[in-house]
Amino acid sequence: MLSRYVGVATLAYGALAAGAVALSLLTGHGGPWSTEAWLDLGRGGRIAASLGAGIALAFLVIRSTRLLVRRTRWARDLHVALRGVLGPLSSRHILLFALLSGIAEELFFRGALLPVAGVWASSLVFGLLHIGPSRRFLPWTAWAVAMGFAFGAIFWATGELVGCLVAHVWINYENMHFIEAHDPEQERRARRPTPDEPSLVGARRHRSGGLMHP
């Protein structure tokens, strides 16, 4: 079953990447990997700025995702919902999906669509791609719009797609690993008080042994 999903994903994202190249050529932009930049830094400076901004964004998003899941209910509910959709994945499949989605989506939504439609419109369309089957996925859609705007700002400012590509693949890879490894429901059950560990009042079992301590 998983191999079928891999095949479908490869075809879908391959078509999206091919569509990006076709749209970019048809609109006269030459290719979806670069565009006119707001910053005048020279090609080398723009590539360095794009990479630096992308790496900084990825680090911030990966860290904030973990904090939000552990501290907010809406992020925890979304995390559980995404676990149900993704199912068990190996590291190899996570890497493959991260590469396919990150590269194809950046080529199309930032590289090809943004120069034609602008940052706001391309970000909204990107968000529409991330609509889930229930209301639990609404934060995912809103998050995708915000991320689309962040990626779009990097591409618009530097004119280079490389930072967006690196950031998108890195974020997808790390967050899919986190979704696979972290089960908030299991963690919540583990924290539930038991007769041997009566919560905040009375004795509780020491983690390192079986002795009861006040």
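The values are calculated or read from the model by the stated rules, or taken from the named source; none is laboratory data. Only a predicted model underlies this, so the values are computations on that prediction, with no experimental measurement involved. In this analysis, Cβ positions are derived from the backbone assuming ideal geometry, glycine residues included, and neighbour counts consider all displayed protein chains.
Kindly evaluate L67 against the criterion of being closer than 25 Å to G152 by Cα and surrounded by fewer than 16 Cβ atoms within 10 Å (Cβ to Cβ). Before you say what the answer is, go through the steps one by one.
Numbers: closer than 25 Å to G152 by Cα: yes; surrounded by fewer than 16 Cβ atoms within 10 Å (Cβ to Cβ): yes.
It is true that L67 is closer than 25 Å to G152 by Cα and surrounded by fewer than 16 Cβ atoms within 10 Å (Cβ to Cβ).
Please verify whether A112 is surrounded by fewer than 16 Cβ atoms within 10 Å (Cβ to Cβ), at pLDDT 95 or above and more than 16 Å from the chain's Cα centre (by Cα), treating the condition exactly as stated.
Values: surrounded by fewer than 16 Cβ atoms within 10 Å (Cβ to Cβ): no; at pLDDT 95 or above: yes; more than 16 Å from the chain's Cα centre (by Cα): yes.
For A112, the condition - surrounded by fewer than 16 Cβ atoms within 10 Å (Cβ to Cβ), at pLDDT 95 or above and more than 16 Å from the chain's Cα centre (by Cα) - is not met.
Could you list, in sequence order, the residues of the range 21-51 that are surrounded by 14 or more Cβ atoms within 10 Å (Cβ to Cβ), of a type outside the set (S, T, N, Q) and in a loop (DSSP other than H, G, I, E, B)? Let's see the steps before the verdict.
So the first thing to find is which residues in the range 21-51 are surrounded by 14 or more Cβ atoms within 10 Å (Cβ to Cβ), and the list is 21, 23-24, 29, 31-35, 37, 39, 41, 45-51.
Still in the running and of a type outside the set (S, T, N, Q): 21, 23, 29, 31-33, 37, 39, 41, 45-49, 51.
Scanning the range 21-51 gives H29, G31, P32, W33, A37, L39, L41.
Name the single residue that is nearest to A167 (Cα to Cα) among those in the range 27-54 being among the small types (G, A, S) and touching a residue at least 24 places away in the same chain (Cβ under 8 Å).
If we filter the range 27-54 for residues that are among the small types (G, A, S), which is where we start, we get 28, 30-31, 34, 37, 42, 44-45, 48-50, 52-54.
Filter once more, so that each one left must be touching a residue at least 24 places away in the same chain (Cβ under 8 Å): 31, 34, 37, 49-50, 52-54.
Details: G31: 20, S34: 16, A37: 19, A49: 13, S50: 10, G52: 10, A53: 9, G54: 5 Å.
Of everything passing the filter in the range 27-54, G54 is nearest to A167 (Cα to Cα).
How do the helices (runs of 4 or more DSSP H) wholly within the range 137-212 filter down when requiring 1 or more residues that are modelled with pLDDT under 70 and farther than 15 Å from L60 by Cα: which remain? Talk me through it step by step, then tell me what you get.
Numbers: elements: 138-158, 162-181, 184-191.
The helices (runs of 4 or more DSSP H) meeting that bar are 184-191.
Sort through P88, P139 and tell me the only one that's touching a residue at least 24 places away in the same chain (Cβ under 8 Å) and over 14 Å from the mean Cα position of the chain (by Cα).
Details: P139 fails: over 14 Å from the mean Cα position of the chain (by Cα).
Answer to the check: P88.
Looking at A104, A98, which one is in contact with a Phe, Trp or Tyr (Cβ under 6 Å, 6 or more places away or on another chain), touching a residue at least 60 places away in the same chain (Cβ under 8 Å) and surrounded by 22 or more Cβ atoms within 10 Å (Cβ to Cβ)? Before the answer, list the steps.
On the way: A98 fails: surrounded by 22 or more Cβ atoms within 10 Å (Cβ to Cβ).
Exactly one of A104, A98 is in contact with a Phe, Trp or Tyr (Cβ under 6 Å, 6 or more places away or on another chain), touching a residue at least 60 places away in the same chain (Cβ under 8 Å) and surrounded by 22 or more Cβ atoms within 10 Å (Cβ to Cβ), namely A104.
Out of the residues in the range 168-186 that are polar (S, T, N, Q) and touching a residue at least 12 places away in the same chain (Cβ under 8 Å), state the one that is nearest to S50 (Cα to Cα). Show your work before the answer.
Filtering the range 168-186 for residues polar (S, T, N, Q) gives 172, 175, 186.
Filter once more, keeping what is touching a residue at least 12 places away in the same chain (Cβ under 8 Å): 172, 175.
Working: N172: 18, N175: 22 Å.
Out of the qualifying residues, it is N172.
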